[in-house]
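Colleague: Input: one structure, supplied below.
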Amino acid sequence: MSSELDQSAIDEVAARIDGELVGLRRALHRCPELAGGERRTAALVAERLRAAGLAVTTGVGGHGVVAVLSGAGPGPTVAYRADMDAVDEDEQYAGEFASQVPGAAHLCGHDLHTAIGVGIAEVLAQLRERLNGKVVLLFQPAEETLAGARAMLEDGVLERTAPQEIYALHCGPLPVGTLAVMPGTGLPGQDRFRIELSGSAAGDAGKRLTDLIDGFSTIRHPQSPGEFQQLLEDLRTPDGPLERFVFARSQLTWTDERAEVRAWLRAWPDSRYAEIRDELRSAVDALPDARITFQGPPFPAMVCSPELSEAAAAHLRGVLGAHAVMVQHAAFPFNGEDFALFLQRLPGAMFILGVADPEAGLNGIPHSPDFAADETAIGVGVRSMAGFLSSRLAALA
Ligand SMILES: [Zn+2]
């Protein structure tokens with residue numbers, strides 16, 4: 001028996017709870033919690049999911065919440081992950097639901113992700129009599145520090161819930177109402193390091209090193225709307241300039257006799273990190289008083305399943321329209337994503353949910369201080385993911 005739900009039934013339930021989910025997102029936006037401190041957010045999520053009748057476990061890998069929705073009959077299990085933490089910066093937004101916490105703001109849209117995750121659970125819970133199998137919802141803490149996914153995995157979340165596939169959304173600067181898949185690609189990993197220099201020429205040497213590091217970048221942060229449009233187009237062009245890339249940032253501080261360079265870089269594919277490390281080491285070795293320290297091995301890239309991304313694109317075009325689903329190589333602004341660690345363990349994919357409406361001043365660019373999102377994207381995320389997850393239960397049955 002198929003357990004794929006009618007999209008019209010999903011849309012109907014989603015429309016009923018949409019206003020309330022926007023309210024939840026605003027409540028989270030007002031009271032952002034930083035990585036590792038998601039106490040209230042987790043409590044709010046757990047309360048809503050218990051009320052919806054899901055089996056809820058809290059305190060998984062820190063403040064992680066795991067909720068299991070069981071359909072009417074037996075069947076496969078699929079998982080969906082939403083992250084909950086805020087960014088440790090102030091926002092420029094000053095509207096009626098601006099952050100009330102100095103030094104913390106939902107500049108990466110995890111408040112939207114959390115509201116969408118709750119919405120998916122609530123919609124599917126209302127339609128559970130027509131579902132066979134289980135949907136596991138993972139509400140993850142500490143994504144911004146790339147620690148939360150690892151903590152939930154080490155806590156044994158996959159062993160206990162045994163999903164066969166896993167999915168997630170991240171918001172991005174695509175037009176609201178659209179969504180992107182990244183078959184076989186995804187988001188770059190990240191390498192972080194610092195170089196300490198001493199001696200009378202430390203400042204000059206530091207400057208040359210920052211030039212070297214910045215020189216690894218094959219792309220730069222777009223400086224104009226035209227450059228930004230070009231970048232989005234390049235992301236969608238097969239064999240285009242973003243098939244391989246490096247995005248680097250460095251910062252130099254110095255006093256008379258000491259200098260320090262702190263830097264991170266994001267590269268696609270992952271093999272590029274070893275080459276860049278070699279070049280950096282030889283540049284540093286050539287200097288008299290310099291030392292480079294890498295912050296552990298590079299964090300791995302997030303790679304989406306080609307087949308499941310294509311299956312998602314086909315399904316989602318039926319829900320959102322033929323032109324509403326795009327294929328791209330990565331997502332601007334190329335942030336690392338610790339969903340990578342889930343995708344190392346299970347087949348699955350992450351999708352980029354468009355939340356931008358530039359004419360309304362909503363840029364949808366994660367981590368920009370003026371990040372702002374069109375909240376109608378919440379409903380789009382709920383409808384598309386609830387339908388897609390039920391389609392995966394049917395496909396795996
Ligand atoms: Zn994020």
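The values are calculated or read from the model by the stated rules, or taken from the named source; none is laboratory data. All values derive from a computational prediction rather than experimental measurement. Every residue, glycine as well, gets a Cβ built from its backbone with ideal geometry; the counts of neighbours run over all protein chains shown.
Colleague: Restricting attention to region 96-108, does a residue exist that is in contact with a Phe, Trp or Tyr (Cβ under 6 Å, 6 or more places away or on another chain) and of a type outside the set (S, T, N, Q)?
Modeller: First, the residues of region 96-108 that are in contact with a Phe, Trp or Tyr (Cβ under 6 Å, 6 or more places away or on another chain): 107.
Then keep just the ones that are of a type outside the set (S, T, N, Q); that gives 107.
Checked region 96-108: at least one residue is in contact with a Phe, Trp or Tyr (Cβ under 6 Å, 6 or more places away or on another chain) and of a type outside the set (S, T, N, Q).
Colleague: Could you list, in sequence order, the residues of region 76-95 that are in contact with an Asp or Glu (Cβ under 7 Å, 6 or more places away or on another chain) and within 12 Å of the ligand (Cβ to nearest atom)?
Modeller: Asp83, Met84, Asp85, Ala86, Val87
Colleague: Tell me the strands (runs of 3 or more DSSP E) entirely within region 272-360 that contain at least 2 residues that are closer than 30 Å to Asp155 by Cβ and of a type in the set (Gly, Ala, Ser).
Modeller: Fully inside region 272-360 and qualifying: 348-356.
Colleague: Follow-up question, since we're still on this one. Out of everything in region 356-397 that is among the charged types (D, E, K, R) and either in contact (Cβ under 8 Å) with a residue 40 or more places away in the chain or not assigned by TED's automatic domain parsing to the domain that holds Leu69 (or both), what residue ends up being farthest from the ligand (Cβ to nearest atom)?
Modeller: The selected residue is Arg392.
Colleague: Shifting gears a bit: From Thr77, Thr41, which residue is in contact (Cβ under 8 Å) with a residue 60 or more places away in the chain, under 22 Å from Arg26 (Cβ atoms), in the same structural domain as Arg383 (by TED's automatic domain parsing) and in contact with a Ser or Thr (Cβ under 8 Å, 6 or more places away or on another chain)?
Modeller: After ruling out the rest, the residue left standing is Thr41.
Colleague: Do we have Val65 as under 30 Å from Glu4 (Cβ atoms), without any contact (Cβ under 8 Å) to a residue 60 or more places away in the chain and in the same structural domain as Arg130 (by TED's automatic domain parsing) here?
Modeller: no
Colleague: Go through region 343-366 and give me each residue that's among the β-branched types (Val, Ile, Thr) and under 22 Å from Pro183 (Cβ atoms).
Modeller: If the condition is that a residue be among the β-branched types (Val, Ile, Thr) and under 22 Å from Pro183 (Cβ atoms), then Ile352, Val355 are the ones that fit.
Colleague: Residues in region 251-271: is at least one surrounded by fewer than 19 Cβ atoms within 10 Å (Cβ to Cβ) and assigned to a helix (DSSP H, G or I)?
Modeller: So far as region 251-271 goes, no, none of its residues is surrounded by fewer than 19 Cβ atoms within 10 Å (Cβ to Cβ) and assigned to a helix (DSSP H, G or I).
Colleague: For region 48-56, indicate whether the set of residues that are closer than 29 Å to Leu308 by Cβ, among the basic types (Lys, Arg) and either assigned by TED's automatic domain parsing to the domain that holds Gly156 or modelled with pLDDT under 95 (or both) is non-empty.
Modeller: Yes, that holds for at least one residue.
Colleague: If you don't mind, another one. For region 96-161, which helices (runs of 4 or more DSSP H) that fit wholly inside it have 1 or more residues that are more than 14 Å from the ligand (Cβ to nearest atom) and under 17 Å from the mean Cα position of the chain (by Cα)?
Modeller: Hits in region 96-161: 110-126, 148-154.
Colleague: Inspect all residues belonging to region 217-236 and state whether any of them is at pLDDT below 95, touching a Gly at 6+ places or on another chain (Cβ under 9 Å), in a helix (DSSP H, G or I) and among the charged types (D, E, K, R).
Modeller: Checked region 217-236: at least one residue is at pLDDT below 95, touching a Gly at 6+ places or on another chain (Cβ under 9 Å), in a helix (DSSP H, G or I) and among the charged types (D, E, K, R).
Colleague: If Ala94 passes every condition in (1) among the aliphatic types (A, V, I, L, M); (2) under 16 Å from Ala168 (Cβ atoms); (3) without any contact (Cβ under 8 Å) to a residue 60 or more places away in the chain but one, which one does it miss?
Modeller: Ala94 satisfies every listed condition except (2).
Colleague: Here's a follow-up. Taking only pairs six or more apart or across chains, which ones have beta-carbon atoms under 6 Å, a first residue in region 314-325 that is assigned by TED's automatic domain parsing to the domain that holds Leu353 and within 16 Å of Arg236 (Cβ to Cβ), and a second residue that is outside any helix (DSSP H, G or I) and among the polar types (S, T, N, Q)?
Modeller: Between residues of region 314-325 that are assigned by TED's automatic domain parsing to the domain that holds Leu353 and within 16 Å of Arg236 (Cβ to Cβ) and residues that are outside any helix (DSSP H, G or I) and among the polar types (S, T, N, Q), the close pairs are Ala324/Thr178.
Colleague: Regarding Pro369, is this residue surrounded by fewer than 21 Cβ atoms within 10 Å (Cβ to Cβ), under 29 Å from Glu91 (Cα atoms), touching a strand residue (DSSP E or B) at 6+ places or on another chain (Cβ under 9 Å) and not small (Gly, Ala, Ser)?
Modeller: yes
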